[in-house]
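The values are calculated or read from the model by the stated rules, or taken from the named source; none is laboratory data. Values in this document were obtained by computation on a predicted structure and should not be read as measured data. Ideal geometry is used to build each Cβ from the backbone, glycine not excepted, and the neighbour counts take in all protein chains shown.
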Amino acid sequence: MKNKIGNVGKALLIGASVLGGYGCLKYLIRRAIKSASTTFLKTLMEDDYTENLWEIATSTARIGLQQVFETNLRATKGRAISRPFGTPKKLPSLDDIMFSPAQFYRFPSDIEDQVSLKVTIGKKAKKPFTIEMPVMIAPMAYGTALSKEAKMALAKASSMANIAFCNGEGPYLPEERELAEIYIYQYHRGDWDKTEEILSCADGIEIQFGQGAIAGVGHVVHSKDIDNTLRSAFKLKKGEDIVAHSRQPGVNNPAQITQLVDYLKRVGGGVPIGVSMTAGKYLEKDLEVICNAGIDYISIDGCEAGTKGSPPILQDDFGIPTVFAINRAAEWLYKSNFNQQVSLIGAGKVRTPGDILKLLALGADAVYIGSIALFAMSHTQVLKSLPFEPPNQIIWYEGKQADKFNMEEGAMALKRFLEACREELAIGIRALGKLNIAEVSKDDLVSLSQTISKGCNIPTAYHSCYQTDLHLKKLKIKRI
């Protein structure tokens, strides 16, 4: 018994010693931190501004953290830098637009009523295609951007959601064609994989003239940066570069655009022929040229569009915002009587069901989603890269964790995202008192900013759209 008591006593003494040591250590650490912070803060408070560390904060606030960071990259590289995913710049956007919910002037639709989200692309083409919701997977390249597994996941998800998939600028992947139910082949500005055999298997052909994050600028992937797998996919000889030209080869005037469109209509057997372009000051003039060439749809990128990588100057300082680009294009198509034969696809920072519905209200027939599709597809798989590598390393062709990407999981995650978007779009349309996506229009919108209000001809949220007495008369309500 005495031994047991003795052991307990020893244990208590040891515990007390440990606690005492811990308390002493805690005291010493707190004292050291107090001393260091006091010295640091006193120096910060007393040093002249020119030699004060706070100068970092003021100069960075003036110049901008993004600009300071990219200045250091330019100073390191000595050449144009390439930024992924598009501009971080805050621009007039769809965020400044709100929908007007139906209440009494127009009643909301019943929850039991079915909502139609179907859209036909290439309204007057011999072989138009119909998608179950007004969303398509944007062109993204295999090899120079995404891994094969990532591309296959995008294609498979598009089929599961019954929407269209555009293959992008990279080489043709037969696996994509097999997985995608509605397959759009991008007629890129390179010299690879434009055979009639490939073109004839597409459900749509999209001629690439430009895109929002890179404008109409060409780019080169040098031979030293091309591995054997990619060289084989592009069918390149050793030492040969991958070159995407600034212009479509052989297209230098409007007449040659028409010739190209006629050729692709013949080879494609009547599938919709579209163009991808960026929007600028002379958008309406560009539309006049391209519509008179006989195309079936137009995909227009606003300046917020993303890409695997392009110089910041093209992302931040070229083009016009998506909200203005789509509004102007839709108005021109209507006024020029092309709206019944040319479908309009909106693109550029389309992130949410709300963004999708707003672009449709502005006049688009459908939208392309790119970056947000990658985020949805990557889902929890980005945890394989984090915290030591950025999330994109799981989907890039040369990503450090690209071999860990699970195609089936990625496709299912994107499918669920698209299903959620479909449901939210239907809810939004019912909230407008409508039942068909085609009924949504600019009349359903109000603006939170004068810039958007004037630029898109949308009433502001803080002004009455009707004179009160006239409004009450229409509702047959008497004043009390």
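Tabulated data
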{"quantity": "Within the stretch 113-179, strands (runs of 3 or more DSSP E) holding 1 or more residues that are within 25 Å of E409 (Cβ to Cβ) and among the aliphatic types (A, V, I, L, M)", "calculated": "129-131, 135-137, 164-166"}
{"quantity": "Flag if L362 is touching a strand residue (DSSP E or B) at 6+ places or on another chain (Cβ under 9 Å), at pLDDT below 95, of a type in the set (A, V, I, L, M) and over 28 Å from G268 (Cβ atoms)", "calculated": "no"}
{"quantity": "Any hit, the stretch 253-263, residues being more than 29 Å from F85 (Cβ to Cβ), touching a Ser or Thr at 6+ places or on another chain (Cβ under 6 Å) and modelled with pLDDT under 95", "calculated": "no"}
{"quantity": "In the stretch 54-94, residue nearest to A431 (Cα to Cα) [restricted to those that are assigned to a helix (DSSP H, G or I) and in contact (Cβ under 8 Å) with a residue 24 or more places away in the chain]", "calculated": "L94"}
{"quantity": "Among residues of the stretch 313-345, those that are within 13 Å of P88 (Cα to Cα), in contact with an Asp or Glu (Cβ under 9 Å, 6 or more places away or on another chain) and surrounded by fewer than 20 Cβ atoms within 10 Å (Cβ to Cβ), counted", "calculated": "0"}
{"quantity": "Check on A376, in contact with a Phe, Trp or Tyr (Cβ under 7 Å, 6 or more places away or on another chain), modelled with pLDDT of 95 or more and either within 19 Å of T120 (Cβ to Cβ) or assigned by TED's automatic domain parsing to the domain that holds A150 (or both)", "calculated": "yes"}
{"quantity": "Test: residue in the stretch 54-70 that is exposed (fewer than 14 other Cβ atoms within 10 Å of the Cβ), of a type in the set (F, W, Y) and within 25 Å of the chain's Cα centre (by Cα)", "calculated": "yes"}
{"quantity": "Positions within the stretch 216-228 being assigned to a helix (DSSP H, G or I) and surrounded by 11 or more Cβ atoms within 10 Å (Cβ to Cβ), in sequence order", "calculated": "S223, D225"}
{"quantity": "Any hit, the stretch 128-139, residues being under 20 Å from the mean Cα position of the chain (by Cα), farther than 17 Å from I184 by Cα and surrounded by 16 or more Cβ atoms within 10 Å (Cβ to Cβ)", "calculated": "no"}
{"quantity": "Enumeration of residues in the stretch 290-314 that are under 24 Å from P134 (Cβ atoms), part of a loop (DSSP other than H, G, I, E, B) and either outside the structural domain of K349 (by TED's automatic domain parsing) or among the aliphatic types (A, V, I, L, M) (or both)", "calculated": "I295, A305"}
{"quantity": "Number of the exception - E169 against (1) at negative phi; (2) more than 20 Å from the chain's Cα centre (by Cα)", "calculated": "(2)"}
{"quantity": "Members of the stretch 150-172 that are surrounded by fewer than 21 Cβ atoms within 10 Å (Cβ to Cβ) and in contact (Cβ under 8 Å) with a residue 40 or more places away in the chain", "calculated": "M160"}
{"quantity": "Residue in the stretch 274-289 that is surrounded by fewer than 21 Cβ atoms within 10 Å (Cβ to Cβ), among the hydrophobic types (A, V, I, L, M, F, W, C) and either part of a helix (DSSP H, G or I) or in contact (Cβ under 8 Å) with a residue 60 or more places away in the chain (or both) present", "calculated": "yes"}
